[in-house]
Amino acid sequence: MVWIPGAMFRMGSDDHYPEEAPAHRVRVDGFWIDRTPVTNHQFKRFVIATGHKTLAEISPDPRDYPGALPHMLYAGSLVFVRPRSTFDLRDWSQWWSFMKGADWRHPYGPNSNIGALDDHPVVHVAYSDALAYARWAGKDLPTEAEWEFAARGGLDGAEFAWGDELTPGGVHMANTWQGEFPLHNLHEDGYERTSPVTAFPANGYGLHDMIGNVWEWTSDWYAARHEADAPKACRVPENPRGGHEEDSYDPREPNVKIPRKVIKGGSHLCAPNYCRRYRPAARHAEAIDTSTSHVGFRCVSRSPQAR
């Protein structure tokens with residue numbers, strides 16, 4: 001883990017997606033954070049020690065999904081499958097498939113495995129899986145403010161975790177999508193899917209993959225916007241905890257009462273023409289019962305003695 005000294009910083013952005021606004025000052029105390037996302041190797045040790053079964057490996061309870069047809073309730077997870085064509089980039093069902101047998105051991109479906117992916121980030125972990133690992137390790141999941149502060153690497157206000165250019169000097173600093181999403185990935189960064197967690201340079205705090213590769217869970221409930229800036233420096237929020245569970249439900253699905261957490265960092269599927277969320281300020285909502293092939297996590301510890 002890496003020690004991140006506490007400080008005040010400007011969180012969010014007024015220049016991109018509406019959920020990132022308004023930019024505002026917050027203060028966080030010092031904390032330890034994992035140098036990389038949790039890897040398949042690390043998660044495997046946890047599963048061997050505890051017998052933990054991820055949500056993707058458990059068949060859903062029909063009582064939680066009233067109206068669903070019985071044959072549609074099976075263990076599985078969302079996997080990105082590149083389509084041959086698209087008609088509307090707002091319709092994510094064109095490239096996401098809920099695949100039976102997809103889980104952390106089988107990231108691309110039942111016929112895949114992680115045999116050569118020990119140093120890749122674990123994926124297909126729902127929020128409860130990430131939290132279970134963190135508690136087993138004697139750690140916690142970061143708040144959104146902690147995560148964003150760490151991702152900035154000491155560059156308060158910079159566009160990216162390494163400065164204000166996406167590819168300084170033509171060098172790719174993170175695993176993202178080059179080309180027209182979701183049809184054409186040019187692989188200019190060397191990877192089509194996930195990458196080893198130290199494949200790209202660390203930020204100013206020595207942290208790898210804070211941007212790209214996989215989205216990462218935080219412990220904060222999602223809110224559609226940030227709170228406005230405090231009028232006085234003496235009232236700057238300290239260690240803020242984001243929104244409220246009852247306000248995190250998706251307003252587009254009023255009959256579905258599944259709360260959502262904030263995920264951060266973007267992933268290898270973020271592209272300039274679709275999802276410019278490969279920035280510290282970027283944020284997204286993820287339902288706590290959902291796991292995908294592009295969401296992982298890392299842990300924090302707020303104990304000064306942690307390592």
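Scanning the range 261-288 for residues that are under 19 Å from His184 (Cβ atoms), surrounded by fewer than 24 Cβ atoms within 10 Å (Cβ to Cβ) and small (Gly, Ala, Ser) yields a total of 1. Taken as a whole, the range 163-176 holds no residue that is under 29 Å from Val122 (Cβ atoms), in a loop (DSSP other than H, G, I, E, B), in contact with a helix residue (DSSP H, G or I) (Cβ under 8 Å, 6 or more places away or on another chain) and open to solvent by 20 Å² or more (accessible area, probe 1.4 Å). Evaluation of Pro182 against the conditions (1) at pLDDT below 95; (2) farther than 23 Å from Asp15 by Cα; (3) in contact with a Lys or Arg (Cβ under 7 Å, 6 or more places away or on another chain) shows that the sole unmet condition is (1).
Limited to the range 243-260, what total is found for residues that are open to solvent by 60 Å² or more (accessible area, probe 1.4 Å), closer than 24 Å to Met11 by Cα and either of a type in the set (A, V, I, L, M, F, W, C) or in a loop (DSSP other than H, G, I, E, B) (or both)? Qualifying residue count, the range 243-260: 2. Among the numbered conditions (1) touching a Ser or Thr at 6+ places or on another chain (Cβ under 9 Å); (2) part of a loop (DSSP other than H, G, I, E, B), tell me where Gly179 comes up short. It fails just one condition, (1). Would you confirm whether any residue within the range 244-259 is more than 12 Å from the chain's Cα centre (by Cα) and touching a residue at least 60 places away in the same chain (Cβ under 8 Å)? No; the residues of the range 244-259 include none that is more than 12 Å from the chain's Cα centre (by Cα) and touching a residue at least 60 places away in the same chain (Cβ under 8 Å). Among residues of the range 54-71 that are within 16 Å of Phe98 (Cα to Cα), none has a Cβ under 8 angstrom from a residue that is open to solvent by 80 Å² or more (accessible area, probe 1.4 Å) and aliphatic (A, V, I, L, M) at a sequence gap of 6+ or on a separate chain. Within the range 72-96, if we keep just the residues that are without any contact (Cβ under 8 Å) to a residue 24 or more places away in the chain and hydrophobic (A, V, I, L, M, F, W, C), the residue that is farthest from Ser112 (Cα to Cα) turns out to be Phe87. Only one entry in Ala158, Ala116, Ala134 is of a type outside the set (D, E, K, R) and in a helix (DSSP H, G or I), namely Ala134.
Residues in the range 191-204 include at least one that is open to solvent by 10 Å² or more (accessible area, probe 1.4 Å), in a loop (DSSP other than H, G, I, E, B), acidic (Asp, Glu) and out of contact with any Leu (no Cβ under 8 Å at 6 or more places or on another chain). Kindly provide the set of residues from the range 31-56 that are open to solvent by less than 20 Å² (accessible area, probe 1.4 Å) and closer than 16 Å to Thr143 by Cα, ordered by number. Once the filter is applied, which keeps residues that are open to solvent by less than 20 Å² (accessible area, probe 1.4 Å) and closer than 16 Å to Thr143 by Cα, the range 31-56 yields Phe31, Ile33, Asp34, Pro37.
The values are calculated or read from the model by the stated rules, or taken from the named source; none is laboratory data. Keep in mind that what you see is a predicted model, and the values were worked out from it rather than measured. So basically every Cβ, Gly included, is an ideal-geometry build from the backbone, and we count neighbours across all protein chains shown. Areas reflect the complete protein model, heavy atoms only, side chains present, ligands, DNA and RNA absent. Shrake-Rupley method; radii C 1.70, N 1.55, O 1.52, S 1.80 Å.
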